[in-house]
Each structure stands twice: as structure tokens, then as C-alpha cells.
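The block underneath contains the structure these notes are about, expressed in C-alpha cells.
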Amino acid sequence: MKIQQVLATLLAALILAGCSAGSSGSPSSATQPPAQAASQAPEAANANTPAPAKDIEISFTWWGDTRRNEIYGAVCDDFEAANPGIKVIREPAAFGEYWDKLSTRIAGGNAPDVMGIHANFGSDLATRGVLADLQPYIDSGIFEVDGIEDSLIQSSRINGLLCILPQGITIECMYINQTLLDEVGIDLGIDYKNNNGTFTYASFLEAAKRFTEAAKAKGMDGVYFGAPGGSDNVASLQYWSRTTLGGIDLYKDEGGLGITEDALSKWFALHKELIDIGAAADAATSLEDASAPLEDKLFTRGKVLISSTSANQYSQYQAQMTDSELYLLPFPEAEDGSSYNALVASHFAISNQADDAHKEAAAKFLNHFFNRESAVSIFKLEQGVPINSKLADIVAKSLDPLSAYVIGFVNDYTAKGARFWVYPPAGSNEFTQLLSTAAQSVSYGQSAPEEAAKSLYSEAEAAFAKIN
Amino acid sequence: MSGKKRAEIKRNIAGYLFLLPWLLGFFGFTIIPMIASFYFSLTDYDMFTPPKFVGLGNYIGMISDKKVLASLSVTFRFVLMSVPLQLAAALAVALALKKNRRGVRLYRAVYYLPSLFGGSIAVAILWKKIFSQEGVLNQILAVVGIKGINWIATPSTSLYTLILLAAWQFGSSMVIFLASLKQIPTDYYEAATIDGAGKIRQFTGITLPLLTPMVFFNVVMQIINAFQSFTPAYIISNGTGAPLDSTLFYTLNLYIMGFMRLRMGYASALAWVLLVIIALFTGAIFLSAKKWVHYD
């Protein structure tokens with residue numbers, strides 16, 4: 001009897017020990033922030049100290065696939081080699097789950113020290129005090145800005161606070177499949193091969209009609225011209241509004257919608273017309289295409305002439321489409337020739353929840369990422385052209401022709417005035433959701449463009465009013 | 001006296017230790033989060049700034065929220081169609097596999113497999129492949145000369161692909177039916193045969209009434225499961241409830257509100273309303289049970 005009791009107690013203790021061992025081995029413990037570090041040296045920020053005296057661990061999260069994770073990992077290795085006292089705990093996630101995970105961790109008070117931030121989420125985080133002010137690290141020299149254009153730094157401010165930095169600069173643009181165009185046999189009369197000119201929205205529609213008829217005449221079934229960005233895509237709508245409304249942005253500087261219900265209605269009508277004439281895929285096909293992996297997309301399979309995404313993905317597309325010749329061209333320009341090209345970027349930010357020592361180590365990490373040739377040579381064009389222009393030039397020389405073409409495209413159009421526009425205000429996330437619902441109701445023929453615009457406008461106003 | 005008590009505690013200590021992992025989980029992962037979520041449901045909470053108390057504001061806001069109404073409609077249709085279909089399939093297969101024929105064990109395992117996958121992501125992706133424009137289903141239809149549609153991206157059919165997915169996972173109910181079928185004494189059937197009852201009469205007169213306790217159990221469990229179903233809709237619609245909210249399950253809307261639109265207070269209120277809905281349904285079934293469940 002007694003032996004049984006002793007055995008049972010021992011067994012129970014074993015199970016408990018097993019549980020706790022299991023949990024401490026789980027990945028969540030990798031997040032394990034400040035606790036022990038908080039007690040370690042609140043040493044004053046001294047720019048020239050090579051590395052903190054004691055070891056420190058900073059957590060770093062980004063989104064990406066396996067290929068991209070390897071690149072980020074290699075940069076971390078490079079940083080650790082140069083900064084022996086600092087260890088980078090890597091916590092990559094797939095884009096789909098990235099934001100849920102990040103919001104949950106921030107809410108729980110254990111945000112990663114360094115995090116990849118997307119424009120739509122930046123404001124929601126920055127205006128709620130989640131992101132650290134980076135200015136002190138520039139002032140103290142930990143983060144060097146010699147090679148970085150000041151305008152870039154200034155345009156990264158959200159409500160005046162410098163809390164994000166672009167990982168690289170790219171342009172949201174259109175991709176055209178030259179091989180498919182030649183097959184259909186029409187000429188667009190645009191010198192995009194030399195980064196010189198693009199459509200207007202009117203000429204886009206006109207070309208769409210010509211292409212669709214020519215493809216039909218040749219008996220090419222299931223081939224589409226494409227659209228200037230999806231009707232549910234905020235960046236495309238933003239671009240369209242600046243171009244057709246004479247520079248008026250989708251969002252107001254102070255937050256809220258900058259365009260009218262009527263403008264939204266016209267945007268939906270444009271896309272409806274493209275579907276109606278058979279130039280763009282029907283709603284169901286587009287919906288399936290939107291979530292398809294790169295290799296299964298209609299564009300990749302040579303079924304769509306024009307698609308849109310950021311310029312830095314060019315190499316990846318071209319690698320998938322070895323039989324096709326691809327070119328980049330900007331979104332349509334205004335009738336008077338003015339263009340409103342937008343630079344876009346994914347950013348880095350440092351968590352405000354970290355203590356001073358961790359923030360400082362994180363700033364050193366970012367400095368290494370942006371300003372060391374070894375790091376930039378690894379990262380290359382992964383998120384666009386590096387922001388340190390001196391290093392970008394050095395890297396450009398060693399690049400393959402495809403990447404060099406992308407750098408050329410981004411540089412040419414930056415020289416022609418492409419710039420960062422209004423940073424999406426807090427609540428833009430909510431607008432993204434609302435736009436998607438409204439755009440679908442038009443493309444599926446459930447509501448007319450005017451109706452969809454009307455309800456989208458009132459819902460968006462209500463959503464923004466709630467935040468501001 | 002106190003010596004006795006001490007001995008009792010000593011005797012029970014192992015028991016409590018065995019319970020401890022479960023208790024820790026119960027309090028840490030169930031009770032405390034539930035209390036927290038109830039508090040959040042009374043606040044305006046964006047996860048990053050402290051919650052602001054708004055009383056019943058979130059609950060009142062739901063009444064006029066189009067997304068909530070749409071998601072309720074989708075979820076009710078899903079529950080009311082998938083649960084009966086699933087149980088009918090489970091019962092039919094259980095009846096077919098009742099007799100000990102050759103290879104019947106293999107069949108039982110095969111039919112049980114889908115429910116092992118449960119609401120897994122892999123199955124949802126498989127489903128997407130079957131019902132897409134160029135999916136397996138349309139390729140089969142093409143053989144007989146029918147041009148199929150994109151079943152998942154068409155608002156009028158997308159929900160039915162999810163209902164089919166749920167019905168396909170009938171394995172666990174089937175196993176329960178099977179066990180119960182085997183317990184029905186064969187004398188009943190022999191007596192019925194002598195009295196001239198056919199197969200159908202035997203089924204409605206003997207099998208079904210004796211199975212009602214298991215039907216009851218399965219209905220309750222599957223309804224609770226169906227209301228909480230999330231993963232298939234999340235994967236198939238890419239986390240949006242698309243097309244046109246036709247796959248916007250209640251739980252998916254809750255997730256979008258909490259994590260995409262950062263309205264965690266509202267999402268918590270949605271969760272509590274779901275709890276009440278499930279409780280009402282379960283309660284109603286329990287009340288009705290007196291009328292149709294026969295314990296011998």
C-alpha cells in the first residue's frame with residue numbers, strides 16, 4: 001500500500017516535471033525578453049562603445065518564406081560576428097499569421113525588440129505608442145545617417161515621430177508580359193522598355209479593348225488584358241485617386257478619407273467595365289487568383305498581360321516565367337502627363353516595450369543592417385533598393401542583370417519624382433477590410449458602383465471618426 | 001483527530017498532484033482568460049492601449065452590425081445543414097459496417113480517417129484544390145461534358161463546399177453509432193423477424209429508438225463543434241469570409257474583428273454571444289430530449 005502511494009506521488013511529480021520541461025522547451029520561451037536583461041547594466045548610451053560589456057539577446061521578427069528567412073538569417077549571423085556581445089533571436093513568421101502573432105505579443109507586453117512593419121499597420125502601432133522613437137539613436141550616432149537621403153528619413157515620420165525605417169525602397173508598378181503581347185500581335189505604342197512613359201487610365205481602357213478583341217479574333221481563350229491594380233487594392237486606389245483627381249490622396253494628412261463618394265464610385269465603375277468587356281477576369285477567377293501561389297497565378301501562367309506588384313519582385317517573377325519576357329512600367333499617368341508614382345517600403349521598427357539596453361542593441365542591429373556593406377551585400381534587393389545610397393551603388397555593381405534592371409527602374413522613376421506619399425493613417429487597416437467588401441459586391445454584380453461607393457464611404461467615415 | 005486528517009491529506013496528495021497539470025491548464029488557459037474576455041467585452045480595447053469601459057456598448061452595437069448578421073446567417077445555415085448530413089452519413093456507414101464481413105476492420109479505419117484530420121489546414125487546402133476552377137471536381141465534370149464553375153469563389157456555392165467538408169468528417173459519430181449498434185441484442189431482431197417485420201420496419205421500430213441516446217449525444221457534440229468551426233472557412237476564404245461574406249463564419253468574423261481590425265473588446269463580446277447561442281441550442285436539445293430519446 002505504502003509503496004504504491006510513494007510510487008504514485010513520484011509518478012505525478014514526474015508528469016509535472018515533464019510538463020514544465022516541455023513548456024520551457026517550447027518556442028514561446030524564445031521570446032523571453034527583458035527579465036534578466038533588465039537587471040543588466042542600464043549603461044548610458046555611448047556611441048563608440050563597441051559592444052555592451054555583458055551579453056544581451058535581442059529578438060527580431062519579420063515575415064517571409066524559407067528563401068527570405070535564410071537571407072534575414074544570414075544578415076543576423078553577419079551582425080553577430082561583428083558584435084560579439086549581442087545575440088539575435090530570430091522569429092520569422094509567414095505573412096498570413098504575422099500580424100496576429102505580432103498584435104498578440106504586443107498586447108501581452110512582450111513585443112519583439114526589432115520588428116518588420118508594413119505600412120498599413122505602422123500607423124496603428126505608432127499612434128498607439130508601441131514603437132520606439134529612433135531620433136535619439138541618430139542624435140547619439142549609434143544609427144548613422146551619412147549615406148541616407150534626409151528626405152527618406154523625414155518621410156518615415158508618422159505624426160512627427162521617427163519610429164520606422166524603410167528596409168529598402170521600391171515602386172508599386174505594373175508588370176507586362178511582352179511575349180504574350182507579341183503573340184496577340186498588337187502594339188501599345190509605349191516605350192516602357194526604356195523606362196519612358198506609360199498609359200493614361202483612358203488609354204489603358206482603350207488598349208484593353210483592342211487587346212481583348214485581337215485575342216478573341218485569334219481564338220485565344222481565357223486570356224486577359226488585366227487591370228491597373230485590383231479594385232480592392234488600397235495602393236492602387238490611392239494611386240488612381242492622385243492621378244485622376246489632380247494629386248488628391250485617398251487619405252487626408254490628418255487622417256480620414258480624402259476623396260469623395262463619387263470618386264469611389266468611378267473607381268469601381270472602371271473595374272466593372274474592364275470585367276464587362278472581358279479584359280479583366282471575372283470576380284470568381286480573380287478571387288481564386290489573388291490567393292494562388294506565385295507559380296499558379298494567371299499572370300505567371302501567361303494568361304494575363306498586365307499585373308501589378310512591387311518592382312523588387314521582378315526577379316522572382318522572371319525566374320518563374322522563363323519563356324516570357326517581362327517589363328516593368330509605372331501605373332497610368334494623368335492626361336496632362338503628370339505622374340504620381342509612389343515609393344513603397346516595408347519597414348523596421350524598434351519596440352517601445354524594450355528596456356534601454358535592448359533598444360540600444362536593436363538600434364545597433366538596424367545600423368548594421370542599413371549601413372554595413374557586408375549586410376547590404378547579403379540583403380541586396382530583398383525589400384527594394386537599399387536606403388544607404390552609397391552602399392546601393394556598390395551593391396548594384398555586383399548584381400545580376402535582372403536586379404540591375406529593377407534598380408534602374410526604381411532610380412529612373414525616383415529621379416522623375418516618385419516619392420513617399422501620405423503614410424496610411426491609423427484605421428487604414430479597417431478601410432482595407434471595408435474596401436475589399438465593397439469591391440467584391442461590385443465585381444460579383446451584387447451592387448452597382450454607386451451603391452457600393454455610398455455604403456463604403458459612410459462606413460469608412462464612421463470607422464475613422466471612431467479612431468480620431 | 002488531527003492525526004487522522006493529516007493522514008488523509010497524505011493519502012490524497014498523489015491524487016492532487018495528478019490533478020495539478022490539468023488544474024493549472026484549466027485555470028491558466030480557460031477560467032482566467034474567460035473572465036478577462038468578459039471584462040474586455042465591456043470595453044473598447046485595441047490591444048495596444050488600455051481598455052476603455054463602455055458598458056454594454058459592444059453588445060448593443062452588434063444588433064445593427066451587418067457583418068454580424070451576415071455571419072449569423074452563414075453559421076446557422078452551416079450548422080443546420082452540416083450536422084444532420086454528417087449524422088445521416090455516420091449512421092448509414094455504421095449500419096453498413098455493422099456486420100463482420102471480410103475486411104470490415106479496414107473499412108472502419110478508412111471511414112474514420114477523415115475525422116482524424118479534423119479541422120486541419122491540410123484538408124482545407126485539399127478542399128480548395130478539389131473545388132477550384134481547375135480542380136478535380138471540374139475535371140471529372142469535364143469528362144461528361146459539363147463545364148464546372150469555381151465552386152469556392154462563387155457566392156452561391158461556396159458555403160456548400162464547407163458543408164460537404166464537415167459532413168465528410170463523420171468518423172467519430174460513426175464509431176459511436178457502431179459501438180451502440182453492436183450492443184442491441186440480436187433477439188429483438190429475431191423476434192421481429194418471426195412477427196413478420198421487414199428490414200425497414202426493424203430499423204424504425206428497433207434500431208432507431210434504441211440508438212436515440214447516441215443520436216442525442218452526437219447531435220449535441222456536433223452542434224457545438226459546428227458553431228465553433230473556423231479553420232476550413234479561414235483557409236478557403238483566405239481569412240476574409242469571401243466571396244461576398246458567403247463563408248463568413250461567426251468565428252471568422254470574430255477573428256477578423258479582433259486581430260485584423262484590432263477591435264478586441266468587440267470581438268470578446270462576440271465570443272460571449274456565441275457562448276450564449278451554443279448554450280441555448282444545447283439547452284433546447286436537452287429539453288426536447290424527453291420527447292424523443294428512449295433509455296430502454
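The values are calculated or read from the model by the stated rules, or taken from the named source; none is laboratory data. Treat the numbers as computed from the prediction; the structure is a model and nothing was measured. Here Cβ is always computed from backbone atoms with ideal geometry, including for glycine, and neighbour counts include all displayed protein chains.
If you go through the stretch B:167-180 and keep only what is of a type in the set (A, V, I, L, M) and closer than 9 Å to residue B:91 by Cβ, you end up with just B:174.
The set of residues from the stretch B:139-190 being over 25 Å from residue B:128 (Cα atoms) and either charged (D, E, K, R) or within 14 Å of chain A (Cβ to nearest Cβ) (or both) comprises B:182, B:187, B:190.
Filtering the stretch B:112-147 to residues that are at positive phi and in contact (Cβ under 8 Å) with a residue 12 or more places away in the chain leaves only B:118. Is the stretch A:73-80 home to any residue that is among the β-branched types (Val, Ile, Thr), free of Cβ contacts under 8 Å to residues at least 60 places away in the same chain and part of a helix (DSSP H, G or I)? No, the stretch A:73-80 contains no residue that is among the β-branched types (Val, Ile, Thr), free of Cβ contacts under 8 Å to residues at least 60 places away in the same chain and part of a helix (DSSP H, G or I). Residues that are facing chain A (nearest Cβ under 10 Å), within 23 Å of residue B:255 (Cβ to Cβ) and part of a helix (DSSP H, G or I) within the stretch B:1-55 comprise just one, B:25. The criterion of at least 2 residues that are within 14 Å of chain A (Cβ to nearest Cβ) and within 30 Å of residue B:57 (Cβ to Cβ) is met by the following helices (runs of 4 or more DSSP H) wholly inside the stretch B:195-296: B:231-236, B:250-255, B:264-292.
Does the stretch A:406-421 contain at least one residue that is assigned to a strand (DSSP E or B) and crowded, with 18+ Cβ neighbours inside 10 Å? The answer is no; no qualifying residue exists. Scanning the stretch A:108-119 for residues being within 10 Å of another protein chain (Cβ to nearest Cβ) and buried (at least 18 other Cβ atoms within 10 Å of the Cβ) gives a total of 1.
You will find that of A:369, A:379, the residue that is at pLDDT 90 or above and more than 13 Å from every other protein chain (Cβ to nearest Cβ) is A:369 and no other.
To keep it simple, each residue is scored yes or no on (1) among the hydrophobic types (A, V, I, L, M, F, W, C); (2) in contact with a helix residue (DSSP H, G or I) (Cβ under 6 Å, 6 or more places away or on another chain); (3) over 23 Å from residue A:324 (Cα atoms); (4) exposed (fewer than 14 other Cβ atoms within 10 Å of the Cβ).
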position	(1), (2), (3), (4)
A:143	yes, yes, yes, no
A:150	no, no, yes, yes
A:154	no, no, yes, yes
A:160	no, no, yes, yes
A:166	no, no, yes, no
A:170	no, yes, no, no
A:174	yes, no, no, no
A:187	no, no, no, yes
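Annotation note: of A:57, A:70, A:80, the sole residue that is at pLDDT 90 or above, more than 25 Å from residue A:131 (Cβ to Cβ) and not β-branched (Val, Ile, Thr) is A:70.
What about residue A:122, is it within 29 Å of residue A:390 (Cα to Cα) and crowded, with 17+ Cβ neighbours inside 10 Å? Considered against the rule, which asks whether it is within 29 Å of residue A:390 (Cα to Cα) and crowded, with 17+ Cβ neighbours inside 10 Å, residue A:122 comes out as yes. If you go through the stretch B:226-248 and keep only what is among the polar types (S, T, N, Q) and crowded, with 19+ Cβ neighbours inside 10 Å, you end up with B:229, B:237, B:240, B:246, B:247. Out of contact with any Cys (no Cβ under 9 Å at 6 or more places or on another chain), in contact (Cβ under 8 Å) with a residue 40 or more places away in the chain and not in a helix (DSSP H, G or I): which single residue out of A:366, A:343, A:391 fits that description? None of the other options fit; the residue is A:343.
Confirm whether residue A:289 is of a type in the set (Asp, Glu) and more than 14 Å from every other protein chain (Cβ to nearest Cβ). Here the answer is no, as residue A:289 does not meet what is asked.
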